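Only one structure is covered here, and it is reproduced in the block below.
The values are calculated or read from the model by the stated rules, or taken from the named source; none is laboratory data. In this text, all values refer to a predicted model and were calculated from it rather than measured experimentally. Glycine also receives a Cβ, built like all others from the backbone with ideal geometry; neighbour counts cover every protein chain displayed. These area figures cover heavy atoms from the full protein model, side chains too; ligands, DNA and RNA do not enter into them. Shrake-Rupley method; radii C 1.70, N 1.55, O 1.52, S 1.80 Å.
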Amino acid sequence: MHVSFEFFPSKTAEMEQSLWEAIARLAPLAPNFVSVTYGAGGSTRERTHATVRRIVNDTDLKPAAHLTCVGASREDVDAVVRDYHAAGVRHIVALRGDPPDGIGAAYAPHPGGYRGTADLVRGIRSIADFEVSVSAYPEKHPESPSVDADIDMLKAKVDAGATRAITQFFFENDLYFRYLDRVRARGIDIPIVPGILPVQNFKAATTFARRAGASVPAWLAKRFDGLDDDPATRKLIAATVAAEQVLDLVKRGVDDFHFYTMNRADLVYAICHLLGLRAPAAAKAKAA
Ligand code: FAD
């Protein structure tokens, strides 16, 4: 069983503490890698870099740095890639990024920048021998005219050198398997790792899903109905929902998961325990 964990760089000292608590709690599970997001339009460039550097220096984890090309010249993006390489990073999650006016606004490449993700992947691979992961959208990207157009884009990213795709989160596993069939039929054979979002906060997850073009099934809303003021029960329901989803994926042959942790460890740790992952006793004592 393989897992990876996604974190976002923290804004405040308090958030920094919970980020590192989450990393310390999840690290003993020996993830395949941990990734750190890059804020919209490169807004967290320094913080992403600092977080990734600390992961390299202070832990045994393998970091993957997210990187977008929106609103940046090729020179700027290449400088970030070289900085990562110099810091010991060997894995980049390459993304286009959202237009500055948000999802739905027209995307225009920077005049001196990479044209899109495939171009970015090619650029990264030409700088050094990085492992490059990219996004995949089982329900298609909101800007995409069709799932087929989306899969064409994935194919272009793979042809440019991407070695793994991580999916946008989804709540209906059939969506993932239908998508996987179409991806394989297109001749794409890299791992398509399901991105799992444990629903720590249903309202926030709904907003997040609307922006990302992911559907929220009525049965899921029903499960959280009436629990707005009951965080303890909400947490138990969230654990049940995520456990059902992940165990069903395992039953259907999946053995690699990417968790959107939202910088919180508890739910993800519990789901990994269900998946059979165990922290060695010595590591557990160190994390405590
Ligand atoms: P691509 O794969 O390049 O494109 C997605 C689809 O959009 C394509 O299939 C295509 O049909 C359509 N499309 C793309 N370009 C055009 C165009 N010019 N005209 C018409 N249609 C087009 N964002 C961040 O800012 N920072 C992050 O750290 C980050 N991490 C992410 C991690 C994962 C696993 C995922 C799934 C998404 C992440 N995103 C992140 C969000 C991502 O940047 C946005 O979804 C962005 O809008 C698309 O970037 P992409 O590389 O996923 O798109």
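With respect to Thr68, is the statement that it is closer than 28 Å to Thr207 by Cβ, in contact with a His (Cβ under 6 Å, 6 or more places away or on another chain) and within 8 Å of the ligand (Cβ to nearest atom) true? Spelling it out, it is not the case that Thr68 is closer than 28 Å to Thr207 by Cβ, in contact with a His (Cβ under 6 Å, 6 or more places away or on another chain) and within 8 Å of the ligand (Cβ to nearest atom). Of the residues making up region 108-146, those that are more than 18 Å from the chain's Cα centre (by Cα), within 19 Å of Ser215 (Cα to Cα) and either open to solvent by 30 Å² or more (accessible area, probe 1.4 Å) or more than 9 Å from the ligand (Cβ to nearest atom) (or both) are Glu143, Pro145, Ser146.
Exactly one residue among Asp98, Asp83 is among the charged types (D, E, K, R) and more than 8 Å from the ligand (Cβ to nearest atom), and that residue is Asp83. Counting only strands (runs of 3 or more DSSP E) that sit wholly inside region 1-107, those with at least 3 residues that are open to solvent by less than 20 Å² (accessible area, probe 1.4 Å), closer than 16 Å to Thr117 by Cα and modelled with pLDDT of 95 or more are 63-68, 91-95.
For every residue, the table says whether it meets (1) assigned to a loop (DSSP other than H, G, I, E, B); (2) touching a strand residue (DSSP E or B) at 6+ places or on another chain (Cβ under 6 Å); (3) within 26 Å of Thr37 (Cβ to Cβ).
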site: Ala221; (1), (2), (3): no, no, no
site: Thr233; (1), (2), (3): no, no, no
site: Gly253; (1), (2), (3): yes, no, no
site: Leu267; (1), (2), (3): no, no, yes
site: Ala270; (1), (2), (3): no, no, yes
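Contact annotation: residue pairs with Cβ atoms under 6 Å, 6 or more positions apart or on different chains, pairing a residue in region 128-150 that is closer than 30 Å to Arg82 by Cα with a partner that is hydroxyl-bearing (Ser, Thr, Tyr) and not in a loop (DSSP other than H, G, I, E, B), are Ala136/Thr167.
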